[in-house]
Amino acid sequence: MDRTLKALSLILSYPTPELQRAMPEIGGVLAADPRLTAAARRALRPLVEALTTRDIYEVQETFVMLFDRSRTLSLNLFEHVHGESRDRGGAMVSLVETYRAGGFDPVTSELPDHLPVLLEFLATRPTAEAREVLADAAHIFEALNARLNRRQSPYGAVFASLLQLAGVKADAAAVAEMLALPDDDPTDLEALDQVWEESEVRFGPDPNAGCPQVRDMLANMDVPINPAPHAAE
(Lines give C-alpha, C1' and ligand atoms only; values in the text may rest on other atoms or scores of the structure.)
Protein backbone atom coordinates (compact mmCIF):
# COMPACT_ATOMS: atom_id res chain seq x y z
CA MET A 1 0.00 0.00 0.00
CA ASP A 2 1.36 3.40 -1.01
CA ARG A 3 0.45 5.35 2.11
CA THR A 4 1.10 8.73 0.47
CA LEU A 5 -1.34 8.11 -2.38
CA LYS A 6 -3.87 6.90 0.16
CA ALA A 7 -3.28 10.04 2.25
CA LEU A 8 -3.75 12.30 -0.79
CA SER A 9 -6.91 10.39 -1.67
CA LEU A 10 -8.30 11.12 1.78
CA ILE A 11 -7.24 14.76 1.82
CA LEU A 12 -9.11 15.34 -1.47
CA SER A 13 -12.27 13.70 -0.11
CA TYR A 14 -15.25 15.59 1.26
CA PRO A 15 -14.28 16.74 4.77
CA THR A 16 -15.94 14.89 7.63
CA PRO A 17 -15.37 14.79 11.39
CA GLU A 18 -13.70 11.40 10.86
CA LEU A 19 -11.30 12.95 8.36
CA GLN A 20 -10.50 15.74 10.82
CA ARG A 21 -9.63 13.23 13.51
CA ALA A 22 -7.35 11.39 11.06
CA MET A 23 -5.55 14.50 9.82
CA PRO A 24 -2.61 14.32 12.26
CA GLU A 25 -1.78 10.83 10.96
CA ILE A 26 -2.38 11.88 7.34
CA GLY A 27 -0.14 14.90 7.80
CA GLY A 28 2.54 12.70 9.32
CA VAL A 29 2.50 10.38 6.31
CA LEU A 30 2.88 13.28 3.88
CA ALA A 31 5.62 14.93 5.94
CA ALA A 32 7.67 11.73 5.97
CA ASP A 33 7.65 10.84 2.26
CA PRO A 34 11.13 11.46 0.77
CA ARG A 35 9.67 11.43 -2.76
CA LEU A 36 8.26 14.88 -2.02
CA THR A 37 10.65 17.80 -1.80
CA ALA A 38 10.95 19.73 1.43
CA ALA A 39 9.17 22.63 -0.27
CA ALA A 40 6.28 20.39 -1.30
CA ARG A 41 5.93 19.01 2.21
CA ARG A 42 5.92 22.54 3.64
CA ALA A 43 3.29 23.62 1.12
CA LEU A 44 0.97 20.87 2.33
CA ARG A 45 1.08 22.02 5.96
CA PRO A 46 -1.47 24.87 5.66
CA LEU A 47 -4.04 22.50 4.19
CA VAL A 48 -3.38 19.86 6.83
CA GLU A 49 -3.66 22.50 9.56
CA ALA A 50 -6.87 23.95 8.09
CA LEU A 51 -8.53 20.55 7.79
CA THR A 52 -7.43 19.72 11.33
CA THR A 53 -8.39 22.88 13.19
CA ARG A 54 -11.02 24.83 11.26
CA ASP A 55 -14.74 24.46 11.91
CA ILE A 56 -16.02 21.41 10.02
CA TYR A 57 -18.83 23.39 8.38
CA GLU A 58 -16.36 25.98 7.10
CA VAL A 59 -14.07 23.41 5.52
CA GLN A 60 -17.04 21.59 4.02
CA GLU A 61 -18.34 24.81 2.49
CA THR A 62 -14.91 25.60 1.08
CA PHE A 63 -14.66 22.13 -0.44
CA VAL A 64 -18.09 22.38 -2.08
CA MET A 65 -17.42 25.85 -3.48
CA LEU A 66 -14.16 24.69 -5.01
CA PHE A 67 -14.77 21.21 -6.31
CA ASP A 68 -18.53 20.74 -6.52
CA ARG A 69 -19.56 24.14 -7.85
CA SER A 70 -16.68 24.59 -10.28
CA ARG A 71 -16.40 22.52 -13.43
CA THR A 72 -12.91 23.88 -14.08
CA LEU A 73 -11.83 22.40 -10.72
CA SER A 74 -13.77 19.15 -11.01
CA LEU A 75 -12.20 16.14 -9.33
CA ASN A 76 -13.82 13.91 -11.98
CA LEU A 77 -10.88 13.54 -14.35
CA PHE A 78 -12.81 12.59 -17.48
CA GLU A 79 -14.68 15.89 -17.15
CA HIS A 80 -11.43 17.54 -18.27
CA VAL A 81 -10.90 15.01 -21.08
CA HIS A 82 -14.28 14.25 -22.61
CA GLY A 83 -16.45 17.05 -21.26
CA GLU A 84 -20.06 16.02 -21.76
CA SER A 85 -19.49 13.86 -24.82
CA ARG A 86 -20.78 10.31 -24.81
CA ASP A 87 -17.19 9.05 -25.05
CA ARG A 88 -17.02 9.70 -21.33
CA GLY A 89 -19.46 6.88 -20.60
CA GLY A 90 -17.35 4.35 -22.49
CA ALA A 91 -14.22 5.50 -20.71
CA MET A 92 -16.02 5.10 -17.38
CA VAL A 93 -17.05 1.55 -18.17
CA SER A 94 -13.47 0.67 -19.14
CA LEU A 95 -12.18 2.18 -15.91
CA VAL A 96 -14.68 0.15 -13.88
CA GLU A 97 -13.42 -2.99 -15.62
CA THR A 98 -9.86 -2.01 -14.76
CA TYR A 99 -10.81 -1.65 -11.10
CA ARG A 100 -12.49 -5.05 -11.13
CA ALA A 101 -9.52 -6.69 -12.83
CA GLY A 102 -7.34 -5.33 -10.02
CA GLY A 103 -9.67 -6.67 -7.34
CA PHE A 104 -10.73 -3.15 -6.38
CA ASP A 105 -14.36 -2.50 -5.50
CA PRO A 106 -14.74 1.06 -4.18
CA VAL A 107 -17.61 1.60 -1.77
CA THR A 108 -18.64 5.09 -2.78
CA SER A 109 -21.33 7.01 -4.60
CA GLU A 110 -18.70 8.91 -6.58
CA LEU A 111 -18.06 8.27 -10.26
CA PRO A 112 -15.18 5.92 -11.16
CA ASP A 113 -13.05 8.77 -12.51
CA HIS A 114 -13.29 10.73 -9.24
CA LEU A 115 -9.68 11.48 -8.36
CA PRO A 116 -9.82 10.30 -4.72
CA VAL A 117 -11.23 6.96 -5.96
CA LEU A 118 -8.48 6.62 -8.58
CA LEU A 119 -5.78 7.49 -6.04
CA GLU A 120 -7.15 4.91 -3.62
CA PHE A 121 -6.89 2.31 -6.38
CA LEU A 122 -3.39 3.40 -7.40
CA ALA A 123 -2.28 3.10 -3.78
CA THR A 124 -2.77 -0.66 -4.18
CA ARG A 125 -0.89 -0.97 -7.49
CA PRO A 126 2.83 -1.39 -8.24
CA THR A 127 4.78 1.85 -8.05
CA ALA A 128 5.69 1.91 -11.75
CA GLU A 129 2.07 1.45 -12.80
CA ALA A 130 0.87 4.18 -10.46
CA ARG A 131 3.49 6.59 -11.75
CA GLU A 132 2.49 5.96 -15.35
CA VAL A 133 -1.14 6.73 -14.63
CA LEU A 134 -0.24 9.89 -12.73
CA ALA A 135 2.02 10.93 -15.59
CA ASP A 136 -0.87 10.60 -18.05
CA ALA A 137 -2.86 13.10 -15.99
CA ALA A 138 0.07 15.47 -15.34
CA HIS A 139 -1.32 18.32 -17.41
CA ILE A 140 -4.63 18.11 -15.51
CA PHE A 141 -2.80 18.27 -12.18
CA GLU A 142 -0.74 21.25 -13.36
CA ALA A 143 -3.83 23.14 -14.55
CA LEU A 144 -5.73 22.43 -11.33
CA ASN A 145 -2.70 23.53 -9.31
CA ALA A 146 -2.56 26.80 -11.25
CA ARG A 147 -6.29 27.46 -10.87
CA LEU A 148 -6.23 26.76 -7.15
CA ASN A 149 -3.18 28.95 -6.65
CA ARG A 150 -5.02 31.79 -8.39
CA ARG A 151 -7.73 31.39 -5.76
CA GLN A 152 -5.08 31.25 -3.04
CA SER A 153 -6.32 27.81 -2.02
CA PRO A 154 -3.99 25.49 -0.08
CA TYR A 155 -5.48 22.57 -2.04
CA GLY A 156 -3.12 23.47 -4.87
CA ALA A 157 -0.29 21.84 -2.92
CA VAL A 158 -1.97 18.44 -3.33
CA PHE A 159 -1.75 18.63 -7.11
CA ALA A 160 1.82 19.87 -6.98
CA SER A 161 2.62 16.79 -4.88
CA LEU A 162 0.89 14.50 -7.39
CA LEU A 163 3.08 15.98 -10.12
CA GLN A 164 6.17 15.15 -8.10
CA LEU A 165 4.98 11.59 -7.55
CA ALA A 166 4.37 11.28 -11.30
CA GLY A 167 8.00 12.18 -11.91
CA VAL A 168 7.29 14.11 -15.14
CA LYS A 169 6.80 17.66 -16.30
CA ALA A 170 3.36 18.45 -17.63
CA ASP A 171 3.04 19.22 -21.33
CA ALA A 172 3.02 23.01 -21.50
CA ALA A 173 0.76 23.19 -24.55
CA ALA A 174 -1.85 20.89 -22.98
CA VAL A 175 -1.78 22.91 -19.76
CA ALA A 176 -2.16 26.17 -21.68
CA GLU A 177 -5.14 24.74 -23.57
CA MET A 178 -6.86 23.81 -20.32
CA LEU A 179 -6.14 27.17 -18.69
CA ALA A 180 -7.52 28.96 -21.74
CA LEU A 181 -11.00 27.62 -21.03
CA PRO A 182 -13.31 30.28 -19.58
CA ASP A 183 -14.10 30.15 -15.89
CA ASP A 184 -17.87 30.38 -16.31
CA ASP A 185 -18.86 28.52 -13.16
CA PRO A 186 -22.47 29.04 -12.00
CA THR A 187 -23.19 31.42 -9.15
CA ASP A 188 -26.49 29.97 -7.91
CA LEU A 189 -27.82 26.50 -7.17
CA GLU A 190 -30.37 26.50 -10.00
CA ALA A 191 -27.68 27.25 -12.55
CA LEU A 192 -25.45 24.63 -10.95
CA ASP A 193 -28.12 21.95 -11.32
CA GLN A 194 -28.60 22.85 -14.97
CA VAL A 195 -24.87 22.76 -15.72
CA TRP A 196 -24.37 19.36 -14.11
CA GLU A 197 -27.47 17.75 -15.64
CA GLU A 198 -26.18 14.93 -17.83
CA SER A 199 -27.50 11.84 -19.54
CA GLU A 200 -27.59 8.75 -17.35
CA VAL A 201 -24.48 6.60 -17.57
CA ARG A 202 -24.75 2.96 -16.62
CA PHE A 203 -21.71 1.05 -15.47
CA GLY A 204 -21.68 -2.66 -16.04
CA PRO A 205 -19.47 -5.41 -17.44
CA ASP A 206 -18.13 -4.57 -20.87
CA PRO A 207 -17.73 -7.77 -22.90
CA ASN A 208 -15.14 -6.09 -25.09
CA ALA A 209 -13.13 -4.58 -22.24
CA GLY A 210 -11.21 -7.70 -21.28
CA CYS A 211 -8.67 -6.79 -18.61
CA PRO A 212 -7.19 -3.45 -19.75
CA GLN A 213 -4.37 -1.69 -17.92
CA VAL A 214 -5.06 1.61 -16.21
CA ARG A 215 -2.59 3.41 -18.46
CA ASP A 216 -4.60 2.37 -21.50
CA MET A 217 -7.72 3.80 -19.88
CA LEU A 218 -6.13 7.18 -19.23
CA ALA A 219 -3.72 7.48 -22.14
CA ASN A 220 -6.09 9.82 -23.97
CA MET A 221 -5.64 12.35 -21.17
CA ASP A 222 -2.61 13.58 -23.08
CA VAL A 223 -4.82 15.86 -25.20
CA PRO A 224 -7.59 17.72 -23.37
CA ILE A 225 -10.59 18.92 -25.32
CA ASN A 226 -13.08 21.68 -24.79
CA PRO A 227 -16.27 20.56 -23.07
CA ALA A 228 -18.90 19.73 -25.65
CA PRO A 229 -22.50 20.91 -25.45
CA HIS A 230 -25.24 18.46 -24.45
CA ALA A 231 -26.09 16.05 -27.22
CA ALA A 232 -29.63 16.29 -28.51
CA GLU A 233 -31.89 13.65 -27.03
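The values are calculated or read from the model by the stated rules, or taken from the named source; none is laboratory data. For clarity, every value in this text was computed on a predicted model and none was experimentally measured. When we count neighbours, we look across all protein chains shown, and the Cβ atoms used for this are built from the backbone with ideal geometry, even at glycine.
Here is how the numbers come out for the structure above:
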{"read-out": "Residue identified as among the charged types (D, E, K, R) and at pLDDT below 95 among R35, R86, R21, R41", "value": "R86"}
{"read-out": "Segment 169-184, subset without any contact (Cβ under 8 Å) to a residue 40 or more places away in the chain and within 17 Å of the chain's Cα centre (by Cα), residue farthest from A7 (Cα to Cα)", "value": "L179"}
{"read-out": "Yes/no for D183 being over 24 Å from P112 (Cβ atoms) and modelled with pLDDT under 90", "value": "yes"}
{"read-out": "Contacts under 6 angstrom Cβ, first residue in segment 32-53 being of a type in the set (S, T, N, Q), partner at pLDDT 95 or above and in a helix (DSSP H, G or I), 6 or more apart", "value": "T52/M23"}
{"read-out": "All helices (runs of 4 or more DSSP H) inside segment 77-163 with 2 or more residues being surrounded by fewer than 22 Cβ atoms within 10 Å (Cβ to Cβ) and more than 14 Å from the chain's Cα centre (by Cα)", "value": "87-101, 127-136, 138-150"}
{"read-out": "Sole exception among (1) in contact with a Phe, Trp or Tyr (Cβ under 7 Å, 6 or more places away or on another chain); (2) crowded, with 18+ Cβ neighbours inside 10 Å for Y14, by number", "value": "(2)"}
